[in-house]
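Presented below is the structure to which this report refers.
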Number of protein chains: 2
Amino acid sequence: MTVEFQLVPQETFERIRSADAGDFDKAALIADLCRANALMTIKRAGSGHIGSSFSALDIMVWLYFFELNTAALGFDHPDRDLFFSSKGHDAPGLYAALYALGVLPESMLINLRRLEGTCGHPDVRIPGIESNSGSLGMGISKGKGMALAKRIQNRGGRVVVMTGDGEWQEGQIYESLQTAAHQRVGNLIAVVDHNKVQSDMPVEEIVSLGDFDRKAELFGWRVIRCLGHDFSQIQRAFETMRADDGRPKLIVADTIKGKGVSFMEHPAALQENGGLYRWHAGAPDDEAYVNAHREIIERAGLAYHRMGLGELLLKPVGAPPAVSSNGATEVIAEAYGAALVELGETLPTLTVLDADLASDCKVRGFGERFPERFIENGIAEQDMVSAAGGLARQGLLPVVNSFSSFLAARPNEQIYANACENDRIIYVCHYAGLFPAGPGHTHQSVRDISLFGALPDITILQPCNGVEAKAILRYCVEEASGACMIRINIGPSPSFDLTEHYQLRFGQGVSITRGGDAALFAYGPHMLNEALQTADRLSQRGVLIEVINMPWLNRFDRDWLKTALRNHKAIFVLEDHSPTGGLGDRLLAEMNRAGLVYNRPFHVFGVEGVPAWGTMPEALRHHGLDRESLVAKIENALADA
Amino acid sequence: MTVEFQLVPQETFERIRSADAGDFDKAALIADLCRANALMTIKRAGSGHIGSSFSALDIMVWLYFFELNTAALGFDHPDRDLFFSSKGHDAPGLYAALYALGVLPESMLINLRRLEGTCGHPDVRIPGIESNSGSLGMGISKGKGMALAKRIQNRGGRVVVMTGDGEWQEGQIYESLQTAAHQRVGNLIAVVDHNKVQSDMPVEEIVSLGDFDRKAELFGWRVIRCLGHDFSQIQRAFETMRADDGRPKLIVADTIKGKGVSFMEHPAALQENGGLYRWHAGAPDDEAYVNAHREIIERAGLAYHRMGLGELLLKPVGAPPAVSSNGATEVIAEAYGAALVELGETLPTLTVLDADLASDCKVRGFGERFPERFIENGIAEQDMVSAAGGLARQGLLPVVNSFSSFLAARPNEQIYANACENDRIIYVCHYAGLFPAGPGHTHQSVRDISLFGALPDITILQPCNGVEAKAILRYCVEEASGACMIRINIGPSPSFDLTEHYQLRFGQGVSITRGGDAALFAYGPHMLNEALQTADRLSQRGVLIEVINMPWLNRFDRDWLKTALRNHKAIFVLEDHSPTGGLGDRLLAEMNRAGLVYNRPFHVFGVEGVPAWGTMPEALRHHGLDRESLVAKIENALADA
């Protein structure tokens, strides 16, 4: 099956706006066509969140086209209404709506998750986006700040924040409910896109949230409930909430995850797939894409015709430029997940915690094998980490899982509190580093080594392949004295053969190429691959460098280091991290202590500034970390040496 | 007035336990005598939390002496009931109860906030302490983990966690309410010491929490309310909550802050002092101490006598060893607070946020002068930081205040989210560094430079005195391009005369002493003072070192650095921070880039491991950062050079 990409062009939306029809019919049609465009961009990007885009789109379209003053006043007017989505992964839907509105250019819309297009989660550098988002639970607080700024500066307009339902597991939501009510932020409206499904399971099963309405009322908010796909109800809800009576407002919108495509709609979609929802993240396969797109377009085409606008025409869009797979074949997290089960068989204290990312973190296998030692904690990282401290105090060995962006930062004080008890805990930071870059900075974790680095007695490691992942987990479980942090790359990555009988040795790296001109340290699969490609190109130019896979990010065997760095004319470190606080800093400090810093260059190549979104090559190039840039940098450094 | 320290000795508590009297009378008397002991240790330490110790003590005593199986089974029995206090600042009361119980030795009790005694907040290295605490909002999560560990390991016993009421402003509390209910943690009991007053103002005024009972019920908990000073009600509450019916349990105990001393009791104590509660933290003056102690002892003496135990005898305790004031005369935060008001007069966008530490952070003056631009956000740092992002997005310049331990770590992901928008925000991290060391690790912030360091476009500074604090704040407000973090020392500190017309110059330090043997970088008042004392001693031994005050912790003027470090035989950095991720790391990286690392020693002296509690000399000595240790280290390093 060949997939053809087709766009509903912006002029079609203009024609619908001008049509002789009721607002509700127009809104329904616009939203449906936005679904088609969102779906197309996700398929074209190879990734993105369908289910949540579809559940939110009716409300987004109603807001932009019929409720808010933003489009009329302009997106830079101080008195405009401000709207943004806190969950952020509904960005494809949001972009489709902004495109339909004429705010987002076509070239950006169609290039979802590409450097020159749009970010996988909203970013203020994109037209129409009022706030970065995608780190869950922050939106109402952020909106409160905006609403207070309007009050302080005597500006008009409301602030409308869309949240997911799962993100109400984050404690920050309740902080913001309390303070917004206390501070009488009456020009703030939150909308819950209450689609009842989180990553791939129902909210009720992960961590039940009970009754949103009564909760928010008890926290001092004015609450109304509506069907989020019924435009008359949506209209009435916002009308009811228009007056600033000093109370912040919550609209609980009952919605359907995957709304608009029969086989993606909750609850049917869950039942079909054994209780797991398949359409939260990731692109559909070709067949599902074609069927879903056709279903929407056929329905919308009829409505368009009924509105007297003739035939619905689609505009062909070229296939996306091919992105090299970088030789990616191995999923390191799978080896980790398997090792976890293996260790669980013999170690009855091993206990695994998860924050609604069990599938991505490959810990579902452990959960199925040892349900009594698997704690699904929902999107509540602080609670998870403190609970792990309690488990450790009572003799268990907790292995805490989440994406690194969330696990290293949000519960950082809780991690420190555990560390001050010398608790033996293993923190597994998935999705560490720059990649995948498509989701954008909220999901790119290039500060995690620095965030863990100053803890008392913490060992930080990252495997470059599955074999090393198993060895590292085994070390952390069986040998390490204090707490450990393991960075794990998500998704397929290049696979490396380490030496046949690979043994992880404390503080030692593994030379993968030989070469006396320079040493190049790298860690994790993607950067190691880039380092090897760099070495290969340099060797063709007569420069021989030794690439060292360094799984230990803050521990060094000094004798090994002295031998390893005896003869090199220069030392380079390729970070999958900021140049501040990563392996480079630790290595330089250790080399200084060992008397290994002398008249030779030492350079750290890291992720500077805000991590770039896009494909892997785009992000590497942007940060000057691609093989071509590295070849040039290394040659320059050696020339200066 | 001469203060004499007198202890109610442990045998007195044993006599009460064995007396022929009812449990309620015994409990009341034990609690009162624990109040006397707690008060004495606070006065002797010169610091500590009276109000919260007094409000919690009746419940604590009832638990340890009459309700829990812990004392009977022993504090190492797997089936024991586990009790700890989440708020932690009621530690003087807790220690007094553990002493009365015969668990904590006298030498530890009387040496509150000293290295060989007890920590200002609970620490598991102290007998009877089940969990570190003092970072607010973590306790129910931690207790949930302990309760789950009991379930997983088939151990008996309940877990009882005491919380404050103010700490319910922390979102983590609601995470833990949700997950504990969902996970059916029925052997978990939380108790709110609902004394209605936070740092120095009523909870209702800071951020109202509404109805605890209904909130917790809505979150799936079983709730009962009682008077926390009525033992029959306390007894009944715990009896009612004994069965594990799968629901976690909350006991809301209405209490009185400062209970037991007439002039410390809320609400009278607030009214007397113009609405601010004086007895939350800090030791009372001599007169207040004597009056309070006398009031308790007179009442308890009568009860003791009525119980047929004769005369209540107290045991004299020596005065604490004198602690040198280190020449501390200046409160840098006051200069900061004054500068904030000054800048506020001319800059209408300057907006100040606080998290219930307005008095300590010296921002109350700004709040009084510009109430519309002062946001009191309660103990909700994540919400505060995201709200600051919203303010910044809407054109204001937020200045965010809290203690560094809380501000650098807990909202770290929120700070990153703001940074990715390039928001101009100033984070002011008070209470930064190792001192005061009395409160212990929860309040010692020796990771903050590393936690901020890898953010895109962040400038980190710390003033050594008031003049520099003003200059730094002005720089951050008027000149800096991105976000800034300012570390501020709390409490009196040594005062330095910088050059007469001191000017803060980007990336440049200030030489305070001259000397060609070595350069010693230091920052902040206490470490700079220690560095100067070290230089003084070294000079007497013929070693001349240049002490450089370095307010820029991650920014360097390379030309200045090249000149400054031209001739020294060695470079030393004295950190008020972990040796990882502080000024030393940044300086070494910059020196490497500038070609300044060559055959001379570079040593970083930092706070390794868990920060030690105690007096300043004790903590310095423990970490080898006192002048004597530094003299030895520097002489050794120079000898090796």
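The values are calculated or read from the model by the stated rules, or taken from the named source; none is laboratory data. Just so you know, these numbers come straight off a predicted model, no measurement behind them. As a convention, Cβ positions derive from the backbone with ideal geometry for all residues, glycine included, and neighbour counts pool all protein chains shown.
Overview of results
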item: The listed residue being outside any strand (DSSP E or B) and either among the charged types (D, E, K, R) or closer than 18 Å to residue A:403 by Cα (or both), out of A:344, A:337; result: A:337
item: Residues of region A:301-339 that turn out to be surrounded by 18 or more Cβ atoms within 10 Å (Cβ to Cβ), over 23 Å from the mean Cα position of the chain (by Cα) and closer than 30 Å to residue A:524 by Cβ, as a count; result: 1
item: Top-ranked residue in region B:432-453 [being in a loop (DSSP other than H, G, I, E, B) and farther than 30 Å from residue A:609 by Cβ; ranked as nearest to the chain's Cα centre (by Cα)]; result: B:439
item: Residues of region A:563-602 that turn out to be crowded, with 23+ Cβ neighbours inside 10 Å and small (Gly, Ala, Ser), as a count; result: 4
item: Matching residues, region A:93-106, being in contact with a Phe, Trp or Tyr (Cβ under 9 Å, 6 or more places away or on another chain), small (Gly, Ala, Ser) and in a helix (DSSP H, G or I); result: A:93, A:97, A:100
item: Hits in region A:142-164 (condition: buried (at least 24 other Cβ atoms within 10 Å of the Cβ) and either more than 15 Å from residue B:396 (Cβ to Cβ) or not assigned by TED's automatic domain parsing to the domain that holds residue A:124 (or both)); result: A:158, A:160, A:161, A:162, A:163, A:164
item: Among the candidates B:288, B:268, B:283, residue that is at pLDDT 90 or above, out of contact with any helix residue (DSSP H, G or I) (no Cβ under 7 Å at 6 or more places or on another chain) and surrounded by 15 or more Cβ atoms within 10 Å (Cβ to Cβ); result: B:288
item: Residue count, region A:122-143 (criterion: more than 16 Å from the chain's Cα centre (by Cα) and of a type outside the set (Ser, Thr, Tyr)); result: 10
item: First in region A:617-641 and within 16 Å of residue A:433 (Cβ to Cβ), second anywhere and part of a loop (DSSP other than H, G, I, E, B), Cβ under 6 Å, 6 or more apart; result: A:618/A:115; A:619/A:434; A:619/A:437; A:619/A:612; A:620/A:626; A:622/A:612; A:623/A:607
item: Selection status of residue B:60, in contact (Cβ under 8 Å) with a residue 12 or more places away in the chain, of a type outside the set (Phe, Trp, Tyr) and farther than 26 Å from residue B:172 by Cβ; result: no
item: Of the criteria (1) more than 27 Å from residue A:443 (Cβ to Cβ); (2) surrounded by fewer than 21 Cβ atoms within 10 Å (Cβ to Cβ); (3) in contact with an Asp or Glu (Cβ under 8 Å, 6 or more places away or on another chain), which one residue A:494 fails; result: (1)
item: Wholly enclosed strands (runs of 3 or more DSSP E) of region B:171-290 bearing at least 2 residues under 26 Å from residue A:136 (Cβ atoms); result: B:188-194
item: Residue under evaluation residue B:318, criteria (1) under 26 Å from residue B:203 (Cα atoms); (2) touching a residue at least 12 places away in the same chain (Cβ under 8 Å); (3) touching a Phe, Trp or Tyr at 6+ places or on another chain (Cβ under 8 Å); (4) not hydrophobic (A, V, I, L, M, F, W, C), criterion not met; result: (1)
item: Unique residue being more than 13 Å from chain A (Cβ to nearest Cβ), in contact (Cβ under 8 Å) with a residue 24 or more places away in the chain, crowded, with 24+ Cβ neighbours inside 10 Å and not aromatic (Phe, Trp, Tyr) when the list is B:428, B:352, B:400; result: B:428
item: Pick from region A:562-590, criterion part of a loop (DSSP other than H, G, I, E, B) and among the charged types (D, E, K, R), ranking: farthest from the other protein chains (Cβ to nearest Cβ); result: A:566
item: Single unsatisfied condition, residue B:299 versus (1) in contact (Cβ under 8 Å) with a residue 12 or more places away in the chain; (2) within 30 Å of residue B:381 (Cα to Cα); result: (2)
item: Flag for residue B:366 being surrounded by fewer than 24 Cβ atoms within 10 Å (Cβ to Cβ), over 22 Å from residue A:447 (Cα atoms) and more than 7 Å from chain A (Cβ to nearest Cβ); result: no
item: Among the residues listed as A:611, A:525, the single one being within 13 Å of chain B (Cβ to nearest Cβ) and either over 17 Å from residue A:507 (Cβ atoms) or among the small types (Gly, Ala, Ser) (or both); result: A:611
item: Neighbours by Cβ (under 8 Å, 6+ apart or cross-chain): first from region B:531-546, outside the structural domain of residue B:570 (by TED's automatic domain parsing); second surrounded by 15 or more Cβ atoms within 10 Å (Cβ to Cβ); result: none
item: Positions within region A:107-145 being polar (S, T, N, Q), within 18 Å of residue A:81 (Cα to Cα) and either more than 9 Å from chain B (Cβ to nearest Cβ) or in a loop (DSSP other than H, G, I, E, B) (or both), in sequence order; result: A:131, A:132, A:133
item: Matching entry among A:188, A:177, A:148, A:218 (being within 19 Å of residue A:82 (Cα to Cα), out of contact with any Asp or Glu (no Cβ under 6 Å at 6 or more places or on another chain), free of Cβ contacts under 8 Å to residues at least 40 places away in the same chain and within 13 Å of chain B (Cβ to nearest Cβ)); result: A:148
item: Contacts under 8 angstrom Cβ, first residue in region B:266-291 being assigned by TED's automatic domain parsing to the domain that holds residue B:202 and hydroxyl-bearing (Ser, Thr, Tyr), partner at pLDDT 95 or above and part of a helix (DSSP H, G or I), 6 or more apart; result: B:277/B:51; B:289/B:39; B:289/B:43
item: Residues that are more than 8 Å from every other protein chain (Cβ to nearest Cβ) and of a type outside the set (A, V, I, L, M), drawn from region A:371-397; result: A:371, A:374, A:376, A:381
item: Among residues of region B:450-498, those that are β-branched (Val, Ile, Thr) and away from chain A (no Cβ under 14 Å), counted; result: 6
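Table: residues versus (1) over 24 Å from residue A:439 (Cα atoms); (2) outside the structural domain of residue A:111 (by TED's automatic domain parsing); (3) crowded, with 23+ Cβ neighbours inside 10 Å.
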position	(1), (2), (3)
A:10	yes, no, no
A:15	yes, no, no
A:18	yes, no, no
A:21	yes, no, no
A:36	no, no, yes
A:40	no, no, yes
A:46	no, no, no
A:52	no, no, yes
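Per-residue answers, yes or no, for (1) in a helix (DSSP H, G or I); (2) surrounded by fewer than 20 Cβ atoms within 10 Å (Cβ to Cβ); (3) at pLDDT 95 or above:
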{"site": "B:455", "(1), (2), (3)": "no, no, yes"}
{"site": "B:468", "(1), (2), (3)": "yes, no, yes"}
{"site": "B:476", "(1), (2), (3)": "yes, no, yes"}
{"site": "B:481", "(1), (2), (3)": "no, yes, no"}
{"site": "B:486", "(1), (2), (3)": "no, no, yes"}
{"site": "B:500", "(1), (2), (3)": "no, yes, no"}
{"site": "B:507", "(1), (2), (3)": "no, yes, yes"}
